[in-house]
Amino acid sequence: MALESVWPAPRKQLPARVSRLDAFKATIDQFLRDDLDAPRKQRHTGKRVFDRLIDEHDARGPPQAFVPQSHRPGDEAEVDFGDVWIDLDGVSTKVLLFSLRLSFSGKAVHKIFASCGHEAFLEGHVHALEVLGGYERDHRLIPEGTNTNRNVGG
């Protein structure tokens, strides 16, 4: 083929993909048109559109599935930082809350820091492990929002 022409053959056109929403496109468009005049905070979100389609227009939602989680005692802990506002000498100040939560029991240890740098991350772990009474080497500490297969402990 490449010897016959320097240009590749045109790609075959694929048929339009069918969606379960096709039957509701006009309804969704009307929701969004109505939102143009609504205050910003009262406009439809994707979830609100979904809920209205199910409640008012007999749409079917996705099949429900539940996958139970199982955590052995002491096996995992989830770690994260979050913004917290405190009153510091009469001034509203943003600080970072270190949180380490044991996956099995849900027991959590917290500590406030001025930043969420590596030093705070490590100091938060030292504090949490002192409060919890230690750490077994083959168990995992899982930084929130990361690959849960990564073994941070060793």
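In the set (i) 146; (ii) 122; (iii) 342, which value of volume of the Cα convex hull per residue in Å³ was calculated from the structure you see?
The value matching this structure is (iii).
What is the distance, in nm, between label points placed 7 Å from the Cα along the Cα-to-Cβ direction at residue 122 and at residue 42?
Label-label distance for residue 122 and residue 42, simple model: 5.4 nm.
Could you tell me which residue out of 126, 26, 92 lies farthest along the dipole of the chain toward its positive end? Charges go on the beta carbon: Lys and Arg +1, Asp and Glu -1, centred on the Cα centre.
Of the options given, the answer is 26.
So which chymotrypsin sites (Phe, Trp or Tyr not before Pro) in the range 21-103 are both in a DSSP loop and have at most 13 other Cβ atoms within 10 Å of their Cβ?
66
Just to be sure I understand the model, the point goes 7 Å from the Cα along the line to the Cβ. What's the resulting residue 75 to residue 60 distance in nm?
3.5 nm
Within the chain, which is the longest segment containing none of the GluC sites (Glu not before Pro) that sit in a DSSP loop and have at most 13 other Cβ atoms within 10 Å?
Counting only loop sites that pass the neighbour cut-off, the longest clear stretch is 5-135.
Every number here is computed from the coordinates shown, using simple stated rules; none is lab data. These numbers were taken from a predicted model, which means no experiment stands behind them. Virtual Cβ from ideal backbone geometry, glycine too; neighbours counted across all protein chains shown.
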